[in-house]
């Protein structure tokens, strides 16, 4: 008998070993990664969103945990069935409320009422942060389920995850089978989860450092493009058109009609995320524009929109692509009742945003053009919202944030879609659309039940509510997210504590900060927050200790050193405070507040030259920084330059009559005039 070759024996032994490990992990209940996540993040047809389960299709667990709403529809569509899929991003998904308050649900209720002879299924197949390329891939799967109609409501996400998008499209396709094998291997899956558990504390950045727009991706790497120029906008528009035409063509080949919707956004209430100057705008012209913007904001805030208009028109002539200028002149026109001009300006602000998160005018125009060229039904939701909005300027009356409609606005979208479906015969024999039927269906429908509450959506909802100024609701949702999922314990608790501090509820804030620190003793922002809450309570020694811990937790944190310096100054330890402030300025030399605090520390130590230099440096960058101006006036007072000091104090009081430091400084100047040696 021949003995097995050593190599064959080794292969068998290794295979048996890993087989036993796999069996043990299966017995232990370890799920494969493929069960919970898509290895291709929506960029491959190999992974499907829906799967059969007990006689119906259901959204697979990995899809629900990532980007999709839980949805079901029949495995076999009945003869009288009407099956419609809605594709889009988070606006169609129903963020931040979920599918229960999204227009696909209301549309389904209305169709069930107006078409009782049909078995209606309107499936919300929209996904958080999905752009047009993902929707194009998703459409291939949806066409396998015998749909009667596809409705597309998307266009906001064309600049989301651009680098990730390019990497996925250019990935070597020959490695896809290997990736699938790994995601179906329990040992690999267990290793990945262990690594993720170790790194979990880095998963949730501080909400204060991210816009609401950046908090809406789940399985999407929501990496927004910044400094976007006209060439990049044109490239994104070209890709959007290609993907939308490909989706429409694919559906047409399958004999499935497509309805295209324009996508509105918050114009009146949402400042552009980023404004940039064009390369041809010289540095001195940039400085001039920024100064004009500062003056214009002050004029608008004081109610003088008439004065702001000519200033802003001049700024636009100098830098026509600067988004914030368009937004501010929109505010001025709005205040003056020039609403059509205001709308054009707000739309221009959106279209020039160098960090785009809203569908541009060009995207909506492309949707209209493609619908016309391909003979498709168009639902112009953007125009409908213009008609519906107060003064024709969509704002927070229709949106939760920058693009996500309120529940009532979702009902209006459903109505706008339902009407042509009935009248154009897209869901059966053409009929007149009786809006009373629609309203009755919506009003009598039962509220959705049984949907799982997602901690991620609750957390993101809190961020949106905070951005709207709905602080009490934001606090409650941060608290819920914290309690629902350990992954949100630190960030949910931190943001709750931060909002309590802003409300000057210092004792409660300190309690919440300590809860966070019990879970993560080195959480820098909570150490700083605790120090500030304790300062608010007048417990300066305890505050100094907490802030000292913050500098040890991260010696490279300028805010930690700055607040540590403030606590030392309150204790009268000015030499140590000066050293702490100097460290903060070294770490962030461009921060005007840090440099101003250093100036005051030097002033308290009678180093008038050093203090004057610090204040003047700050004012060179921020000419209207009131604290630095007060500090410089104090230095001038000590030098005996009373006229110059008085002028600055008076100017600060004219800008802000509540400026107590300027008022006290002016009184000091008056006393020095009477008693120079005082």
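The values are calculated or read from the model by the stated rules, or taken from the named source; none is laboratory data. Worth saying up front: this structure is predicted, and the values here are computed from it rather than measured. Here Cβ is always computed from backbone atoms with ideal geometry, including for glycine, and neighbour counts include all displayed protein chains.
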* Structure fact -> Subset of the stretch 483-508, residues more than 12 Å from residue 459 (Cα to Cα) and surrounded by fewer than 22 Cβ atoms within 10 Å (Cβ to Cβ), comes to 486, 499, 501, 502, 503, 504, 505, 506, 507, 508
* Can you find even one residue in the stretch 600-607 that is at pLDDT below 95, more than 30 Å from residue 556 (Cβ to Cβ) and surrounded by fewer than 19 Cβ atoms within 10 Å (Cβ to Cβ)? -> yes
* To do: Return yes or no: is residue 253 surrounded by fewer than 15 Cβ atoms within 10 Å (Cβ to Cβ) and under 29 Å from residue 132 (Cβ atoms)?
  => yes
* Asked: Is there a residue being under 27 Å from residue 418 (Cβ atoms) and at pLDDT 90 or above anywhere in the stretch 210-233?
  -> no
* **Failed criterion for residue 550 (all others in (1) within 23 Å of residue 579 (Cβ to Cβ); (2) surrounded by fewer than 16 Cβ atoms within 10 Å (Cβ to Cβ); (3) touching a helix residue (DSSP H, G or I) at 6+ places or on another chain (Cβ under 8 Å) hold)** => (2)
* **helices (runs of 4 or more DSSP H) wholly inside the stretch 82-146 that include at least 2 residues being modelled with pLDDT under 95 and surrounded by fewer than 21 Cβ atoms within 10 Å (Cβ to Cβ)** => 132-142
* Matching residues, the stretch 307-319, being in contact (Cβ under 8 Å) with a residue 24 or more places away in the chain and within 19 Å of residue 354 (Cβ to Cβ) -> 315, 318, 319
* Assess whether residue 382 counts as being at pLDDT 95 or above, under 24 Å from residue 340 (Cβ atoms), over 25 Å from the mean Cα position of the chain (by Cα) and assigned to a helix (DSSP H, G or I). => no
* Structure fact -> Reported set for the stretch 248-272 where residues are assigned to a loop (DSSP other than H, G, I, E, B) and over 22 Å from residue 385 (Cα atoms) is 254, 255, 256, 257
* Breaking point among (1) part of a loop (DSSP other than H, G, I, E, B); (2) over 24 Å from the mean Cα position of the chain (by Cα); (3) not assigned by TED's automatic domain parsing to the domain that holds residue 158, for residue 287 -> (1)
* **Selection within the stretch 319-340 - surrounded by fewer than 17 Cβ atoms within 10 Å (Cβ to Cβ) and closer than 23 Å to residue 230 by Cα** => 320
* To do: Would you kindly identify the helices (runs of 4 or more DSSP H) lying entirely within the stretch 486-589 that contain at least 1 residues that are within 29 Å of residue 610 (Cα to Cα)?
  => 524-536, 540-553, 558-570, 574-587
* Residues 69, 80: which one is closer than 24 Å to residue 437 by Cβ and touching a strand residue (DSSP E or B) at 6+ places or on another chain (Cβ under 9 Å)? -> 80
* Structure fact -> Just one listed residue, out of 443, 436, 422, 429, is more than 30 Å from residue 158 (Cβ to Cβ) and assigned to a loop (DSSP other than H, G, I, E, B), and it is 429
* Asked: over 24 Å from residue 242 (Cβ atoms) and modelled with pLDDT of 95 or more: does that describe residue 341?
  -> yes
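Yes/no per residue for (1) outside the structural domain of residue 229 (by TED's automatic domain parsing); (2) over 15 Å from residue 345 (Cα atoms); (3) over 28 Å from the mean Cα position of the chain (by Cα):
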| residue | (1), (2), (3) |
| --- | --- |
| 291 | yes, yes, yes |
| 294 | yes, yes, no |
| 297 | yes, yes, no |
| 301 | yes, yes, no |
| 304 | yes, yes, yes |
| 314 | yes, no, yes |
| 321 | yes, no, no |
| 329 | yes, no, no |
| 333 | yes, no, no |
